[in-house]
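Peer 1: Please see the structure below; I have some questions.
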């Protein structure tokens, strides 16, 4: 009873603050970004009933915020409704301390780069500049789908392209003209610049992939 009252107080306290950045990751998975804890922690009843990604990368918070985060995780993380927690070296140490010992959290999976005092369940080696760019891109309006898809588009060689390429090649059956002139040598086509690698949020991508795997195995 005391635990329920404490969480109710936490819900009322958080409801007065701005909502976090949220996205629908499809297949029953939600994304919540908490830049400031506890103000940005989601508190809706629907949030408690589905798996979610809680993004604490670059999040700020003090010891009291760490306590609030711990209460939130205890209420939300479960085997059937796991919380995929994204962290990095810029996550406040006060927020990481309460989750350093994750034995009580069967439904908590920590993903990201290692930090002092916390080793993620799924440790990733990510260039900090790339992670920051991907993190900022989502807030700037980049579709979440594009930040998860690292499969480059394949070039289509349709009939028109093949015909064009064929006609651009010299015909070995041709001979110099009778007047002694020869065809000008074919000029080499310029090589187009290589397309830049797609901007991918690797930590978020791994969380989504893990969620899909658990669904396929009927674990959630």
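Peer 1: According to a simple spin-label model (label point 7 Å from Cα along Cα-to-Cβ), what is the distance in nm between residue 79 and residue 213?
Peer 2: The modelled label-to-label distance comes out at 1.9 nm.
Peer 1: For the peptides 76-87, 209-220, what is the packing order when you average, over each peptide's residues, the other Cβ atoms within 10 Å and list the highest mean first?
Peer 2: The most tightly packed comes first, giving 76-87, 209-220.
Peer 1: Give me 130, 24, 47 ranked fewest to most by other Cβ atoms within 10 Å of their Cβ, as a rough exposure proxy.
Peer 2: Ranking 130, 24, 47 by Cβ neighbours within 10 Å, fewest first, gives 24, 130, 47.
Peer 1: Compare the peptides 29-40, 101-112 by average per-residue count of other Cβ atoms within 10 angstrom and give them in order, highest first.
Peer 2: 29-40, 101-112
Peer 1: Per residue, how much space in cubic angstrom lies within the convex hull of the C-alpha atoms of region 16-116?
Peer 2: 91
Peer 1: Starting from the 7 Å offset along Cα-to-Cβ, what nm value, one decimal, do you get for the label separation of residue 140 and residue 46?
Peer 2: For residue 140 paired with residue 46, the spin-label model returns 2.9 nm.
Peer 1: On to the next question. If I stretch the segment between residue 150 and residue 90 completely, what's the gain in nm (0.36 nm per residue apart, minus their alpha carbon distance), one decimal?
Peer 2: Contour length minus Cα-Cα distance gives 19.1 nm.
Peer 1: Ok, one more. Round to a whole angstrom and tell me the spacing of the C-alpha centers of region 103-119 and region 198-219.
Peer 2: 16
Peer 1: Ok, one more. Pulled fully out, how much extra length does the chain show between residue 21 and residue 188, if you take 0.36 nm times their separation in residues and subtract their Cα-Cα distance?
Peer 2: Contour length minus Cα-Cα distance gives 55.1 nm.
Quick note: the coordinates plus some simple rules give every number you see, no bench work behind them. Note that the structure is predicted; figures quoted are calculated from it, not measured. Methodologically, a virtual Cβ is constructed for each residue, glycine included, from the backbone with ideal geometry; neighbour enumeration extends over all protein chains shown.
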